[in-house]
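Undergrad: Please see the structure below; I have some questions.
The values are calculated or read from the model by the stated rules, or taken from the named source; none is laboratory data. None of the values given here were measured: they were computed from a predicted structure. Ideal geometry is used to build each Cβ from the backbone, glycine not excepted, and the neighbour counts take in all protein chains shown.
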Amino acid sequence: MRTIAPPFTVAAPTGARIRDRLRVDGTDEQVLTLVGQHLGRHQRADFAERLALGLVPVKGNRRAERKKKLTVVSSSRWAGAMTRASEDQYQLSLRCLYGERVALRRAMQAITRRLAVPCGQRRGRVRGYADQNERFQKQRRLQILQRRLAVVEQRLAEGCPAVVVGGRRLLHARHHLAEAGLSLAQWRERWEAARLFLTADGESGAPHGNYTICVDPADGSVTIVLPEPMRHLANAPRGRYRLGSVVAFSHLRQEWLDRVTANRAVRYDIVYDPARARWYLDASWATDTTVPPAPQEIRAAGARLLAVDLNADHLAACVLDPHGNPVGRPVTVPVDLAGPASMRDGHLRAAITALASLAEEHGCAGIVIENLGFTDARTTGRETMGRGQRGKRFRRTVAGIPTARFRERLRGIAYHRGLVVIVVDPAYTSRWGAAHWQQPLQQQNKQTTVTRHHAAAVAIGRRGLGHRIRRRPGVTANDQRIVTRRATGQTGPGPGLRGTTSPPRTTGTPHEGCRTRLNRDDQLVLFPVPKTVRGAPGARCLTPGPDCVARPTPVDHARNGTDESCASP
């Protein structure tokens, strides 16, 4: 069994981003298109110059010189945004190259281990390939991976990654327009929209947090600073252009107002969506960093947690108390991941919102999820995720689960709801949960169909609280009076101590506690009832005849309030 990593809390989002629609007219759209194309052309030239410099220290990237050259064709603040975007894109491309190198090495290592084992044999936990045909195909696959790794190593050594401004997928769609469902005019429109540059960095102390693209909080009007060669298009003082539409920012409006009224930095991006033929204005800013509580602190506070198991088409959730016991019924939240990307993202947001509402309804302090990256699994592919049609379906299912997007969306929504996100190691949660928790959950919830995913959610929550996943061996069943087995380590019946035996209690002796039984068989020690002589004073008649009046017992006295005697001739 592998070592299980300890749980940890996800850091709060370091920034916020909101969006509102710009309802522009024909003139505004023409001006925005001209400005975006002009700035985009110079930003791409600056990025090519940054790529030519290669992997150099920060002081050697010549940003000041490049910014001075861009200021002539735009403005000082536009030039600063373009050079910053070039540097960010370059660093992101390098991180992608490093990640690709790690993935290629993992895939090559998995194939090499299996190639070392003869066909149809097994050495330890490594299984060889089924036949020579599959082995030959894997040898060819290994050669392809080695060639790709050599290219990646060369690019890293030169410090020059391959980047397509606008997206490589959209670029490849140019040669497969029928498969993409696009015409040449539609593709050209999307290509030009993706290469526009209308981004202005915020500046603390500037009017409303940004001088280049300014949004007035009083009336929501938007003004932009035109580049130097396009100042003749200005319709406002100081070379500015005022758009005819206004924005309101309904989401997180109060936070945005707090920043712009205090003249704190806010970044704005103007984006055009050709599929909808709409213009949008995005506002983003950095938030104050807060340290979330550790899982041990949440457990010590005695708070509940909502455990969630992420699957391809639904979310299985279960509420757990501080002791790791399930509370209430398991919940299933469906997630429809079919359709375009925007629709899938909307369905995912709705599902996460339902989880947050469920956590607030049950008074949970946070949400527990698995640390699902699937990086290693997606890299190795068929080597570790099965073969044939069954393995192919499983790999498609794993590839279709939006793990990264789910984590980011959950972190943002939970932060605004005041919830904490705890991440645990996903090792053995499904297997141990189904083995130890599916049957008890089904016994507890007769009206709900409990699946192994609900049991996995319980295992995830217990691991987030710091408890063991497995239940204590020999746990007492539902009815202790009927079931004879008892929990290991619990108290059980045993012989009493000598010299401390209580005196025998007869049937007529009332119980000392609150529980009473008026039956004759309710006695602690099996002693016979002492016999008395018939007709003796104060004796109890054991064999009443037709001429004998029964005398009630002391319990009957208390019940009836009478004191009749037994009359005998």
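Undergrad: Just to be sure, is residue 243 within 23 Å of residue 18 (Cα to Cα), in contact with a strand residue (DSSP E or B) (Cβ under 9 Å, 6 or more places away or on another chain) and not in a loop (DSSP other than H, G, I, E, B)?
TA: Numbers: within 23 Å of residue 18 (Cα to Cα): yes; in contact with a strand residue (DSSP E or B) (Cβ under 9 Å, 6 or more places away or on another chain): yes; not in a loop (DSSP other than H, G, I, E, B): yes.
Here the answer is yes, as residue 243 does meet what is asked.
Undergrad: I would also like to ask the following. Considering region 149-199 alone, what residues qualify as being crowded, with 16+ Cβ neighbours inside 10 Å, assigned to a helix (DSSP H, G or I) and in contact (Cβ under 8 Å) with a residue 60 or more places away in the chain?
TA: 156, 189, 190, 192, 193
Okay, residues lined up against (1) in a loop (DSSP other than H, G, I, E, B); (2) of a type in the set (A, V, I, L, M); (3) more than 21 Å from residue 446 (Cα to Cα):
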{"position": "324", "(1), (2), (3)": "yes, no, no"}
{"position": "328", "(1), (2), (3)": "no, no, no"}
{"position": "331", "(1), (2), (3)": "no, yes, no"}
{"position": "353", "(1), (2), (3)": "no, no, yes"}
{"position": "359", "(1), (2), (3)": "no, yes, yes"}
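Undergrad: A further question follows. Confirm whether residue 236 is over 30 Å from the mean Cα position of the chain (by Cα), surrounded by fewer than 17 Cβ atoms within 10 Å (Cβ to Cβ) and among the small types (Gly, Ala, Ser).
TA: Numbers: over 30 Å from the mean Cα position of the chain (by Cα): yes; surrounded by fewer than 17 Cβ atoms within 10 Å (Cβ to Cβ): yes; among the small types (Gly, Ala, Ser): yes.
When the stated conditions are applied, residue 236 passes them.
Undergrad: Output yes when any residue across region 13-22 is small (Gly, Ala, Ser) and either touching a Leu at 6+ places or on another chain (Cβ under 6 Å) or surrounded by 14 or more Cβ atoms within 10 Å (Cβ to Cβ) (or both), and no when none is.
TA: Yes; the residues of region 13-22 include at least one that is small (Gly, Ala, Ser) and either touching a Leu at 6+ places or on another chain (Cβ under 6 Å) or surrounded by 14 or more Cβ atoms within 10 Å (Cβ to Cβ) (or both).
Undergrad: Looking at 233, 281, can you tell me which residue is among the hydrophobic types (A, V, I, L, M, F, W, C), assigned by TED's automatic domain parsing to the domain that holds residue 182 and at pLDDT 95 or above?
TA: 281
Undergrad: Might you let me know whether region 62-71 holds any residue that is touching a strand residue (DSSP E or B) at 6+ places or on another chain (Cβ under 8 Å) and farther than 20 Å from residue 202 by Cβ?
TA: Our first condition is that a residue be touching a strand residue (DSSP E or B) at 6+ places or on another chain (Cβ under 8 Å); within region 62-71, this holds for none.
No, region 62-71 contains no residue that is touching a strand residue (DSSP E or B) at 6+ places or on another chain (Cβ under 8 Å) and farther than 20 Å from residue 202 by Cβ.
Undergrad: From the list 314, 251, exactly one residue is at pLDDT below 90 and in the same structural domain as residue 185 (by TED's automatic domain parsing). Which is it?
TA: The unique qualifying residue is 251.
Undergrad: Let me ask something else. I'd like to check something: does region 254-262 contain any residue that is surrounded by fewer than 17 Cβ atoms within 10 Å (Cβ to Cβ) and on the phi > 0 side of the Ramachandran plot? Before the answer, list the steps.
TA: First, pick out the residues of region 254-262 that are surrounded by fewer than 17 Cβ atoms within 10 Å (Cβ to Cβ): 254-255, 257-258, 261-262.
Now narrow it down to the ones that are on the phi > 0 side of the Ramachandran plot: none.
Within region 254-262, not a single residue is surrounded by fewer than 17 Cβ atoms within 10 Å (Cβ to Cβ) and on the phi > 0 side of the Ramachandran plot.
Undergrad: A follow-up question, please. Suppose the filter is farther than 22 Å from residue 213 by Cα, outside any loop (DSSP other than H, G, I, E, B) and assigned by TED's automatic domain parsing to the domain that holds residue 279; does residue 94 pass it?
TA: Taking the combined requirement at face value, the residue satisfies it.
Residue-by-condition table, conditions (1) among the aromatic types (Phe, Trp, Tyr); (2) part of a strand (DSSP E or B):
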site	(1), (2)
204	no, no
208	no, no
211	yes, no
214	no, yes
218	no, no
222	no, yes
248	no, no
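Undergrad: When residue 231 is evaluated against the numbered criteria (1) of a type outside the set (Gly, Ala, Ser); (2) touching a helix residue (DSSP H, G or I) at 6+ places or on another chain (Cβ under 9 Å); (3) in a helix (DSSP H, G or I), which criterion, by number, is the only one it fails?
TA: (2)
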